[in-house]
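The values are calculated or read from the model by the stated rules, or taken from the named source; none is laboratory data. Since we're looking at a predicted model, the values are computed, not measured. All Cβ positions, even for glycine, are placed from backbone atoms using ideal geometry, and neighbour counts span all protein chains on display.
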Amino acid sequence: MALVHGFALTNLRGDVFGGLTAAVVALPLALAFGVASGAGAIAGLYGAIFVGFFAAVFGGTPSQVSGPTGPMTVVMTAVVMKYAGDPAAAFTVVMMGGLLQILFGTLKLGRYITLMPFSVISGFMSGIGCIIIILQLLPLPLLGFEGSPGGVIGAIEKLPDVIADLNVDALLVGLASLAIMWLMPARLRRFLPPPLAALIVGTLLALVVLQGAPVIGLIPRGIPIPHWPTFDLTLLGDMIQSALVLALLGSIDSLLTSLIADNVTRTQHDSDRELLGQGIGNVVAGLFGGIPGAGATMRTVVNVRAGGRTPISGALHALVLLALVLGLAPLAEGIPLAVLAGILLKVGWDIIDWDFLRRLRRAPRGDVLVMATVLLLTVFTDLVTAVGVGIIMASLLSARQLSEIQLSQLSIVSSHNLDGTPLDDEERAIAERVGGRLLILHLSGPFSFGSARDMISPMAVHGDSYGFVVYDLSDVSMLDTTTTMALDSLVCQARDDGRRVIVVDHGKVAAQLDDLKVLDHVDGKDRFDNRLTALRHIDRLVTEDEAHQNHHRAGQDDAAG
């Protein structure tokens, strides 16, 4: 394994341009996310520097640029509020989240994290976008106030008081910033990223005309010093829970951005290595007082469009930010908070999954319900509850949908309904000859627990006149444990009803049934590896039975005569 995934010097010019451009875009966003988190502007810059550098060097997506993102900032805001009197505990949570990401990568869980149902991802991403908008729009920086201790609910409750004491200068600066983010012509965006343009214009407005808008204030200078982790056993459970949320959200956020980078660059990222890199970056960020980060879509796309293709671009973007922190910190102190609020309003708007929302009227009702539930729970409760409930709902919905598909592949074959069945000509002839004494339950494809219980109802429609029941699993590719136990129950019920059970299975399915001892009470002579052999066996048994009955009746007739 190469020390730096995707490292090459063949694209140095493009990587330099990409890194510089990404740094220009990242600067105002890092400041905005730092202020929004409650940890301060410098924490946002440190997060962009350390996550950006180490995720680039040790990650698995060569062109990806990492740093603070909207979703991670929302979670970090809750962490900072929870440990308001103990900043060291908040940054310890960031380090713990990074360690969990390293664990995810070591256990090679990267490929599974992005398997989360789309409706759940759409719901919590949209919820996070709504949270960012509410926290910036209501009684907060856009209107001249520095924050709300009560999160979304606190922001809404505080609105009447804020309207009565509105800071007009801050409002105008914020609206100007938002207008630039929204309305900047495309031809200008190629030369000056909207976040930087909003930062410059909004700051100049506040310096020259609207001087009453609150500003960032003092920013520490120099190289940051480490914040060693601190543990309070009484808080450990809450800290682990918050760290797990950061780790899961950061992993999902990063790997989704990795997929976007793959599509743009026509490359293939390494999911597990990306989690390792993100984890290392977040551990170091927490150690030096930075907020957590993840793969950032806007910065990654800007980097790629400017020519960045290797980890050099992501690492360079972080080094440029470090140089800016060391040299330009005094200038950043005069940036109005309302400018950053305007930038974040557009970020929150972009995070909302408008593509899915536009399709709500045509989307399946179940997916809409899951998405709406997760969105509301994300905004008004917490991300853990939202994602947990969403996954459970989506799993139940998927199980039901899969059950319906699987049951549509279930064929009940008798002599009365041979049309459209999977039987060939010889098998149909045998079924017709045997008549109503035969019932075949034919399954195909994978079969899971959702359809196990529903297999019984279709069989009941065919009455109880048949003496042979064939469970045809020749076209089944997979059975889960619940389905095998349901099959065992069906076999036992058929035997208790006096029917002879024939099973057609082979390969992996047969081995699975043997391992679970599901068919121990089925005679080995009644198990076959193909349906035709099984039907010939039944035909022979029926013929022998008819011959025996004819012989018995003939004997009775002779005795009577």
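Data for the structure
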quantity: Sole exception among (1) at pLDDT below 85; (2) β-branched (Val, Ile, Thr); (3) more than 16 Å from ILE440 (Cβ to Cβ) for VAL491, by number; calculated: (3)
quantity: Members of region 511-532 that are assigned to a helix (DSSP H, G or I) and either surrounded by 12 or more Cβ atoms within 10 Å (Cβ to Cβ) or under 43 Å from the mean Cα position of the chain (by Cα) (or both); calculated: ALA511, GLN512, LEU513, ASP514, ASP515, ASP526, ARG531, LEU532
quantity: Neighbours by Cβ (under 6 Å, 6+ apart or cross-chain): first from region 279-290, at negative phi and buried (at least 24 other Cβ atoms within 10 Å of the Cβ); second among the β-branched types (Val, Ile, Thr) and not in a helix (DSSP H, G or I); calculated: none
quantity: Search result, residues across region 502-555 that are charged (D, E, K, R) and touching a residue at least 24 places away in the same chain (Cβ under 8 Å); calculated: ASP505, LYS508, ASP526, ARG527, ASP529, ARG531, ARG536, ASP539
quantity: Positions within region 72-98 being of a type outside the set (A, V, I, L, M) and crowded, with 24+ Cβ neighbours inside 10 Å, in sequence order; calculated: THR73, PHE91, THR92, GLY97, GLY98
quantity: Selected residue (only one of ALA372, ALA323, ALA318, ALA386 is touching a strand residue (DSSP E or B) at 6+ places or on another chain (Cβ under 9 Å) and assigned by TED's automatic domain parsing to the domain that holds ALA213); calculated: ALA318
quantity: Qualifying residue in region 274-294 (condition: part of a helix (DSSP H, G or I), farther than 16 Å from GLY105 by Cβ, small (Gly, Ala, Ser) and modelled with pLDDT of 95 or more); calculated: yes
quantity: Count of region 301-322 residues which are hydrophobic (A, V, I, L, M, F, W, C) and modelled with pLDDT under 90; calculated: 3
quantity: Unique residue being in contact (Cβ under 8 Å) with a residue 40 or more places away in the chain, within 20 Å of the chain's Cα centre (by Cα) and closer than 26 Å to LEU322 by Cβ when the list is GLY44, GLY52, GLY110, GLY98; calculated: GLY98
quantity: Which listed residue, of ARG361, ARG309, ARG299, is among the charged types (D, E, K, R) and part of a helix (DSSP H, G or I); calculated: ARG299
quantity: Region 412-428 residues that are modelled with pLDDT under 70, paired with ones that are in a loop (DSSP other than H, G, I, E, B) (beta carbon under 9 Å, 6 or more apart); calculated: HIS416/HIS462; ASN417/HIS462
quantity: Residues that are part of a loop (DSSP other than H, G, I, E, B) and in contact (Cβ under 8 Å) with a residue 12 or more places away in the chain, drawn from region 224-251; calculated: PRO224, ILE225, PRO226, HIS227, TRP228, PRO229, THR230, PHE231, ASP232, LEU235
quantity: Sole residue being free of Cβ contacts under 8 Å to residues at least 60 places away in the same chain and buried (at least 18 other Cβ atoms within 10 Å of the Cβ), chosen from ALA176, ALA197; calculated: ALA197
quantity: Failed item in (1) in a helix (DSSP H, G or I); (2) at pLDDT below 90; (3) more than 19 Å from MET298 (Cβ to Cβ), with LEU205 passing the rest; calculated: (2)
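Yes/no per residue for (1) in contact with an Asp or Glu (Cβ under 6 Å, 6 or more places away or on another chain); (2) among the charged types (D, E, K, R); (3) touching a residue at least 60 places away in the same chain (Cβ under 8 Å):
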{"site": "ALA294", "(1), (2), (3)": "yes, no, yes"}
{"site": "ILE335", "(1), (2), (3)": "no, no, yes"}
{"site": "ILE343", "(1), (2), (3)": "no, no, yes"}
{"site": "VAL347", "(1), (2), (3)": "no, no, yes"}
{"site": "LEU360", "(1), (2), (3)": "no, no, no"}
{"site": "VAL370", "(1), (2), (3)": "no, no, yes"}
{"site": "GLY388", "(1), (2), (3)": "no, no, no"}
